[in-house]
Amino acid sequence: MRRIVDPSLLSSWLRLAALCLSILVLNGCAATRSVWLFQGHPEKEIERNQFPVEKGDDVIGRLATVRLEKGDTLPDIARHFSLGINAVSAANPGVDVWVPEAGDRIVLPLSFILPDAPRKGIVINLATMRLFEFKGDGKSLVVSTYPVGVGTKERPSPMGQMRVARKTALPTWHVPASIAADHRKKGDILPAEVPPGPENPLGEYALYLSKSGYLIHGTNKPASIGLKATNGCMRLYPENVKLLYNDTPVNTPVVIVNQPYLVGQRNGVLYLEAHTPLEDPGAGAVELEKAYAKLRVIEKKSGRTLDWKKVREVQVEARGIPVPIVEMSQGTEKDAAETIEVEHPDKLYGRPEIPELKMDAWYVLAADVRDEIDARRMAAIINHQGPPIPARVVSKSKNDGYRVIAGPFRDVGEARDAVKRLKIDLEIEGIVIDPVKKI
Amino acid sequence: MRTNLLAISMMLVLGSALAGCATSGDLEKVQAQQKLIDAKADQALQDAQAAKADANAAKARADEAEKQAAERERIADEKAAKADAAFQKSMRK
């Protein structure tokens, strides 16, 4: 018996099958593409210091992520990517600064809203602890940006307009009386002046500002970049101050501002970047009100309703990252600067080196603790002193704890100096360990 | 008539007496059963109290473990904060 098939019915079935097949194929493509995007190869490099400034744009750079490896610390990651420790910590709340989990992916906040100041010469934003140096004119403006360490609450960095009065390579540090007095209280007698070298806190380059007593300089404590640790000066990583020194002529204008809340646009998208204010909350409130006023003006002018809940969230989280608040005009291109993943470098630039153990060297027992994390944290903190003191964690032979051993030191004098520094700077009571094998 | 009444009364007394005898036998049985049930109830109560005590002890242990974990976390955070504060101080000139 032959089945009679209606050709029109067959055609409908064929059409349905073709439709299903095409849906499946398209689905497959989409899935493959999203998987491909997700597993995309990390970029080898990312721009961290120099960016073109497009006309009408206030936002530069792009966010990135990097996967941590064993032994990484956030200060090492920060330095490699030319970020301050403040920025990396704020962008990655809850991540242990000294003993982060290997394998965790952390955010590199390499996108910045330019401060609300003339785009000329040097502009330093104390709240974001970042310096911007503008080159060129309105047609082709380029900005170089570096993280800085700024003054403490007791000795804050100055604000206002000034200029670079003079500059010096290999500067001598003339110890101010106030700093000498602070050190004397701790039992540390400083000389009247410190010549160039590893003990000199100015590092290798200094730009003296027209406001007397204030400098932009390098440092012998690179881990302090992104901290309120200076006596009012602005300090940069050694590799950054060298670039700034070479790029900056005498008389370059310098404007120092304090803007924890930044509002800016890029590609027609409005961004807000919030930082924890440097001062007490009262003073931060004034800056916040300014930012809100600016947003209200933009909302009125553009006729677009801002997501005030989101504004509030960004402000409270204060992660120091430009967050899109609203698209200013319909049909504008979506922000092209998406977050990218960066490969973990083979070697992190500036990471403290720990020399191999030597049997004929002197050491200092810095700590004897039960918890491995505590030991690793302490060793990392000692390693990041300036000048560095090498330190490592050693498991105790009975497996009942860990020791933090600083060294190797060439002689007993070096070991005793380390004990003194550990005591003065970190309040650690170190014990000198004789060499295992006498020379 | 009187004879009838007497007969009825006697039947009632006899019935009552017979019924009384049956109740006393049953009563002993019931009392024995009650004792057993009572003992069982005691056991059940003891078991329940023991289970409750165990549960309370387990909860107390869990609470204590949680408290200790929170305390450890607090101490770890405190240690980290203290170490970080010392580090930040050491970064001054």
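Only the coordinates and a few stated rules stand behind these numbers; no lab work does. From a predicted model like this one, the values you see are computed outputs, not experimental measurements. As a convention, Cβ positions derive from the backbone with ideal geometry for all residues, glycine included, and neighbour counts pool all protein chains shown.
Points to keep in mind about this one:
- Dipole in debye (nearest 20) - the stretch A:130-191, about Cα centre, beta carbon charges: Lys, Arg +1; Asp, Glu -1: 60 debye
- Remark: the A:S178-A:E54 segment gains 40.1 nm on full extension, using 0.36 nm per residue and subtracting the alpha carbon distance.
- Euclidean distance of C-alpha centroids, the stretch A:138-154 and the stretch A:90-113, integer Å: 21 Å
- Charge dipole of the stretch A:362-433 (Cα centre as origin; +1 on each Lys and Arg Cβ, -1 on each Asp and Glu Cβ, all else neutral): 140 debye, rounded to the nearest 20.
- Distance between the C-alpha centres of the stretch A:50-89 and the stretch A:165-209: 29 Å, rounded to the whole angstrom.
- Which of A:V419, A:I373, B:Q33, positive extreme of dipole for the protein assembly as shown (C-beta unit charges): A:V419
- Among A:Y292, A:Y363, sorting on how many other beta-carbon atoms sit within 10 Å of each Cβ, with the fewest leading, yields A:Y292, A:Y363.
- Sorted by Cβ density within 10 Å, fewest first, the residues A:W173, A:W308: A:W308, A:W173
- Per DSSP, loop trypsin sites (Lys or Arg not before Pro) in the stretch A:86-143 with at most 12 further Cβ within 10 Å: A:K139
- Estimated dipole of the protein assembly as shown in Debye, rounded to 20 [Cβ of Lys and Arg +1, of Asp and Glu -1, Cα centre]: 820 debye
- The stretch A:266-331, relative contact order in percent, only Cα pairs under 8 angstrom and at least six apart counted: 62 percent
- Gyration tensor verdict on chain A (Cα atoms; rounded if a/c is under 1.5, prolate if a/b is larger than b/c, oblate otherwise): oblate
- In this structure, A:K396 and A:A169 have a Cβ-Cβ separation that, at R0 = 41 Å, corresponds to a calculated FRET efficiency of about 0.30.
- Overall form of the stretch A:174-247: prolate. Here a/c, set by the Cα gyration tensor axes a ≥ b ≥ c, is 1.5 or more, and a/b is the larger of a/b and b/c.
- Listed residues A:Q385, A:N231, A:N267: farthest to the positive end of the dipole of the protein assembly as shown (Cβ charges): A:N267
- Estimated inter-spin distance, A:R370 and A:L306, nm [label 7 Å along Cα→Cβ]: 5.2 nm
- Computed over chain A: relative contact order in percent, which uses C-alpha pairs under 8 Å that are six or more apart: 16 percent
- Residue order for A:L262, B:L45, fewest other beta carbons within 10 angstrom first, comes to B:L45, A:L262.
- Simple label model, 7 Å out from Cα along Cβ direction - A:D137 to A:V316, nm: 4.8 nm
- Based on Cα contacts under 8 Å between residues 6+ apart, the stretch A:362-433 shows a relative contact order of 42 percent.
- Dipole of chain A, positive end: most advanced residue of A:V255, A:P195, A:G94 [Cβ charges, Cα centre]: A:V255
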